[in-house]
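The structure appears below as structure tokens.
The values are calculated or read from the model by the stated rules, or taken from the named source; none is laboratory data. These numbers come from a predicted model, not from an experiment. Here the Cβ is made from the backbone with ideal geometry for all residues, glycine too, and neighbour counts use every protein chain on show. All accessible areas refer to the heavy atoms of the entire protein, side chains included, with ligands and DNA or RNA removed. Shrake-Rupley method; radii C 1.70, N 1.55, O 1.52, S 1.80 Å.
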Amino acid sequence: QVQLVESGGGLVQTGGSLRLSCAASGRIFSSYVMGWFRQIIGREREFVAAIRWSGNTYYADSVKGRFTISRDNAKNTVYLQMNSLKPEDTAVYSCAARSQTIMSWTPSGYDYWGQGTQVTVSS
């Protein structure tokens, strides 16, 4: 079993920055794909970013150039650096782990989820 715990959310003004962390524990392997998704109440969960074991990264068009995903396999931690934040980035951000090496952009492709952390960007 794998446990994921996010931290780093909060309230920030437009144009500000936040760094989210996702600490993984349990039977997790560096080969897993690690992803970040976000969800606004009443809307479907949407893909934000993901990183493969090889270091290859993938981003939603809406965050490309502003967000950066990274991982520290030695610490079993994944990060999401968010810069130039906009009010439309406001959501609950969740970390997810996929027990396959092939990339997936959909929530159903991930096997383990954290509880999420709230990010609120004020205008």
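Averaged per residue, what accessible area in Å² does the chain show with a 1.4 Å probe, protein chains only? Here the residues of the chain average 52 Å² of exposed surface. Going 7 Å from the Cα of S7 in the Cα-to-Cβ direction, what parts of segment 28-70 have a backbone nitrogen less than 13 Å from that spot? Of the residues in segment 28-70, none has backbone N under 13 Å from the label point off S7.
The solvent-accessible area of I69, taken with every protein chain present and a 1.4 Å probe, is close to 10 Å².
The gain in end-to-end length when the N73 to T57 segment is fully stretched comes to 4.3 nm, 0.36 nm per residue minus the alpha carbon separation.
Convex hull of alpha carbon positions in segment 8-84: directionally averaged projected area 5.8 nm².
Computed from the C-beta positions of S30 and K64, the FRET efficiency with R₀ = 25 Å rounds to 0.50.
In segment 61-123, Cα pairs under 8 Å separated by at least six residues give a relative contact order of 31 percent. When you restrict to C-alpha pairs under 8 Å that are six or more residues apart and normalise by the size of the chain, the relative contact order lands at 36 percent. Charge tally around R71: other residues with Cβ under 15 Å, Lys/Arg +1 each, Asp/Glu -1 each, net +2.
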